[in-house]
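Enquirer: Dropping a structure here in structure tokens format, bear with me for questions.
The values are calculated or read from the model by the stated rules, or taken from the named source; none is laboratory data. Predicted model only: the values in this text are computed from it and were never measured. Every residue, glycine as well, gets a Cβ built from its backbone with ideal geometry; the counts of neighbours run over all protein chains shown. The accessibility values were calculated without ligands, DNA or RNA, using every heavy atom of the protein model including side chains. Shrake-Rupley method; radii C 1.70, N 1.55, O 1.52, S 1.80 Å.
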Amino acid sequence: MIFRGCHNRNLTMHSFLLASSMLRQKFPTLESFLWRVSRRASHLARQQYDVIVVGGGHAGTEAAAAASRVGAQTLLVTQKVHTIGALSCNPSLGGVGKGHLVKEVDALDGVCGRAGDWAGIHFSILNRRKGPAVWGPRAQLDRQRYRQFIQSELLSTPRLTVLEGSVEELLVTESNPEEPGCHRVTGIRLAGASLPISAHSVVLTTGTFLSGSLFMGQNTSPGGRIGDAPSSAGMSHTLRERLGLKMGRLRTGTPPRIVKASVDFDQATLHPPDSQPSPFSFLNSHTHCKAEEQLPCYLTYTTPGVDKVVKESLHLNCHIQQDTKGPRYCPSIESRVLRFPGRQHQVWLEPEGLTSDLVYPQGLSMTMPPDMQLQLIREIPALHTAEIHTPGYGVQYDFVCPTQLSPALQVKSTQGLFLAGQINGTTGYEEAAAQGLWAGVNAARAALCMPTMALSRTESYIGVLIDDLVTRGVTEPYRMFTSRAEFRTSLRPDNADLRLTLKGFAEVGCVSSRRYQQTVRVRDRLQDALAALRDVSLSATTWRHKLPGVHISEMKAANPTGLEMLQYNDATFEMLVSVFPERLSPYTEFSQRLKIEGAVYRPHCVLQQKEIERIQKEESMSLPQDLDYLSLPVSLSQEVREILDRVRPSTLGAATRLQGVTPAAIVHLFNYVLHSGKKEKSTHRS
């Protein structure tokens, strides 16, 4: 069943989908419309695309949208069209570290930030008591609104076709001898289809569906999400046997969904949202949900009774008994009790939507039998009369060891194949979306005969994420934290547009002209505002008189500028506007950004920029992919040679972060590449 992109729809379909505002007001009709049109349009299938994206989750939707924005004719293949953009686990987006990724995906014209602004029902900034560099924009989402926004957005994307089906196998041929790699992927074959579908690039975003298994108690069934089948066994076979990729097994889980009316919220602590919701997207000045319409969350805790139920049910819980690696940072309640016995654990009771009758108990992921799940949750005071709507369950799935990927998220040994999301060993919507966008960008660029690109860890959290994956690999599901970034005072949520949008337009080709022009306006206005702050000055005595609430140092310069005054913690831009209204009032829309960029972090960022430039100069040296590390005529230990040969880092900077590669080895490698003429003639790392 096929739903065509808008480049070749009939007039009625074209008009319907172009009216995106009408779609969003009448979302309940979207699913029936999808079903009717997909059945009628099945004869419109084409057999050749620039890019094929497999999977309709967060990675897949961003990959498909990004590839289309770059200019590629793109096909998105998913098992069920109506689950595109579904929030499979928690109904939230963002957080500490994760919120940075959402802002960066949005800055590169991705979809999830705008979808979060439309579907959000509880907005908050985490870590607000700390510096703005580690603030975590977060929102609780209405599941139905989020899914419908994503579907509406994709179905109105030019050059994008959506196909409902299951991929049976990848088409693999001999590699192009002029490019690195042992194989080449040229397309896909669908289950039950007589003809293959060809493409220059294929992006796999299979999530937890790659040989996925569901666990509940002692029962096991194939699947990547409850109600859905796993990916074809032929896919795992192709990756492992035909392409020779090293693979592993990871696990995750989800909590039971609880009937809202059965929760005793009086026994939990109320946590209201921020009074003024903060949008994720730089294109939005406000969220769809009004401040007064937001829903609260509630906090409660586990009890000794929870520990007792966990320990009594271990023999009935085969998921916990498996030796596959589970998530350290979002573990099941069973894992938490076993790791930290006797400790109280937080349980957040989160709304699933404005009209939903369900509550999501964040922190209670579990895989014990359903009757034991009910017994466990009723040991928590706020849930003492709770009823379970859907039991929790565990998932185990295959992943590809990500050290086999380049910084473009392309499989090094296989031309035309890109991977993104949980298939690379990550966990979380945000990490998946970030990878999906970048894999989609590079898949399109490769298909259109443009060089692939990489993002440096000095310029983005997406760069940190990808660099960590491809150089260090994973032993457990990877989650983003601000502590992973060396330059987090420069990589803030508030400046993601200035860091990435201009580059995304001019160099990458994935940013629209509209967004680019808005960012240019913001950049220019901020520069004008900073110049105005430098131009206004008063004596320290006069400043004290004008701003009695600001504790101005006695040692302050004779005539401090407005920018110097803004560096005081208790000084705000609005205060300075009251002193110089004609000069500064035109810039009030940027008051928070001026406080952060112009005052709080400016001294740190100046020093950090020098360090970034030094590192970029040294780290950006490309390492040829045909280097024979095992016989390289330099002083390297056998261990280092084997590590370099296995990972084959693309740059010197990537080599420095490989565990087991010594500083001395880096010096020898640097000198060899620099003086032997082996340095790549050009670099795609930017």
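Enquirer: For the pair Gln625 and Asn569, how long in nm is the line joining their label points, each one 7 Å along Cα→Cβ?
Expert: Going from the Gln625 label point to the Asn569 one covers 5.1 nm.
Enquirer: Please give the length that would be gained between Gln659 and Leu354 if that part of the chain were fully extended, namely 0.36 nm times their separation in residues minus their C-alpha to C-alpha distance (nm, one decimal).
Expert: Working: separation 305, 0.36 × 305 = 109.80 nm, distance 4.74 nm.
Between Gln659 and Leu354, full extension yields 105.1 nm more.
Enquirer: Residues with beta-carbon under 15 Å from that of Gly549, excluding Gly549: net charge, scoring Lys, Arg +1 and Asp, Glu -1? Walk me through the numbers on the way to the answer.
Expert: On the way: positive: Arg544, Lys546; negative: Asp570, Glu574.
Net charge in that neighbourhood comes out at 0.
Enquirer: Given a Förster distance of 41 angstrom, what is the FRET efficiency for Arg242 paired with Arg484, based on the Cβ-Cβ distance and rounded to 0.05? Intermediate values should be presented prior to the final figure.
Expert: Values: r = 34 Å, r/R0 = 0.83.
In this case the efficiency is close to 0.75.
Enquirer: Classify segment 244-354 as rounded, prolate or oblate, taking a ≥ b ≥ c as the square roots of the eigenvalues of its Cα gyration tensor: rounded when a/c is under 1.5, otherwise prolate if a/b is larger than b/c and oblate if not.
Expert: Values: a/c = 2.79, a/b = 1.44, b/c = 1.95.
Oblate is the answer for segment 244-354, as a/c is 1.5 or above yet b/c matches or exceeds a/b.
Enquirer: Still on this structure, I have one more. Of Met453, Met575, which has the most accessible area with a 1.4 Å probe, and how do the rest follow in descending order? Please list the in-between numbers first.
Expert: Values: Met453 20, Met575 65 Å².
In descending accessible area the options line up as Met575, Met453.
Enquirer: If His675, His237, His82 are ordered by their accessible area, calculated over protein heavy atoms with a 1.4 Å probe, which sequence runs from highest to lowest? It would help to have the intermediate numbers written out before the result.
Expert: Values: His675 145, His237 110, His82 85 Å².
Heavy-atom accessible area, descending, gives His675, His237, His82.
Enquirer: Let me ask you something else. For the chain, which whole-number percentage of the solvent-accessible area (1.4 Å probe, protein heavy atoms only) is attributable to carbon and sulfur atoms? Working shown, then result.
Expert: Details: 14590 of 27960 Å².
Heavy-atom surface of the chain belonging to carbon and sulfur, 1.4 Å probe: 52 percent.
Enquirer: So between His675 and Arg472, what do we pick up on full extension, going 0.36 nm a residue minus the alpha carbon distance? Working shown, then result.
Expert: Details: separation 203, 0.36 × 203 = 73.08 nm, distance 2.76 nm.
That pair, His675 and Arg472, stretches by 70.3 nm at full extension.
Enquirer: Under the classification rounded if a/c is under 1.5, otherwise prolate if a/b is larger than b/c and oblate if not, where does segment 516-580 fall, given a ≥ b ≥ c as square roots of the Cα gyration tensor eigenvalues?
Expert: Here segment 516-580 falls in the prolate category.
Enquirer: Over the Cα atoms of the chain, compute the convex hull volume and normalise it per residue, giving Å³.
Expert: Working: hull volume 123.6 nm³, N = 686.
Output value, Cα hull per residue: 180 Å³.
Enquirer: Antiparallel versus total DSSP beta bridges in the chain: what percent is that, nearest 5? It would help to have the intermediate numbers written out before the result.
Expert: Values: 55 of 78 bridges.
Counting DSSP beta bridges with both partners in the chain, the antiparallel share is about 70 percent.
Enquirer: I would also like to ask the following. When only Cα pairs under 8 Å and 6 or more residues apart are kept, what is the percent relative contact order across the chain?
Expert: Working: 1485 pairs, mean separation 107.0, N = 686.
That works out to 16 percent.
Enquirer: Can you give the FRET efficiency for Gln276 and Ala229, using 1/(1 + (r/R0)^6), R0 = 45 Å, r = Cβ-Cβ distance, to the nearest 0.05?
Expert: 0.55
Enquirer: With Cβ to Cβ distances under 12 Å as the rule, what net charge do the other residues near Gly421 carry (K, R +1; D, E -1)?
Expert: Here the count lands on -3.
Enquirer: Now for a separate question. Anything over 30 Å Cα to Cα? Flag those among Lys412/Lys617; Lys246/Lys311; Lys80/Lys260; Lys98/Lys595, in the order listed. Mind showing how you got there, number by number?
Expert: Details: Lys412/Lys617 24 Å; Lys246/Lys311 35 Å; Lys80/Lys260 28 Å; Lys98/Lys595 23 Å.
The pairs that break the limit, which is 30 Å between Cα atoms, are Lys246/Lys311.
Enquirer: With a 10 Å radius around each residue's Cβ, average the other Cβ atoms per peptide and rank 592-601, 134-143, highest first.
Expert: Details: 592-601: 20.0, 134-143: 24.9.
So the order, starting with the most tightly packed, is 134-143, 592-601.
Enquirer: May I pose another question? Where in the chain are the DSSP H helices whose alpha-carbon span along the long axis reaches 20 Å or more and whose Kyte-Doolittle mean is at least -0.5?
Expert: On the way: long enough: 429-447 (26 Å, 0.05); 513-535 (33 Å, -1.11); 602-619 (24 Å, -1.48).
Counting only whole DSSP H runs, the qualifying helices are 429-447.
Enquirer: Under the rule a/c < 1.5 gives rounded, and otherwise a/b versus b/c splits prolate from oblate, where does segment 42-105 land using the Cα gyration tensor?
Expert: Verdict is oblate for segment 42-105.
Enquirer: Taking 0.36 nm per residue of sequence separation and subtracting the Cα-Cα distance, how much length would be gained by fully extending the chain between Asp264 and Ser194, in nm to one decimal? Don't skip to the end; give the middle numbers.
Expert: Values: separation 70, 0.36 × 70 = 25.20 nm, distance 5.59 nm.
19.6 nm is the gain from fully extending Asp264 to Ser194.
Enquirer: In addition: Could you give the accessible area per residue of the chain, probe 1.4 Å, as a whole number in Å²? Kindly include the intermediate steps, with their values, before the conclusion.
Expert: On the way: 27960 Å² over 686 residues.
That works out to 41 Å² per residue.
Enquirer: Hey, another quick one. Distance from the Cα centre of segment 350-420 to that of segment 463-478, in angstrom?
Expert: Here the two parts' Cα centres lie 20 Å apart.
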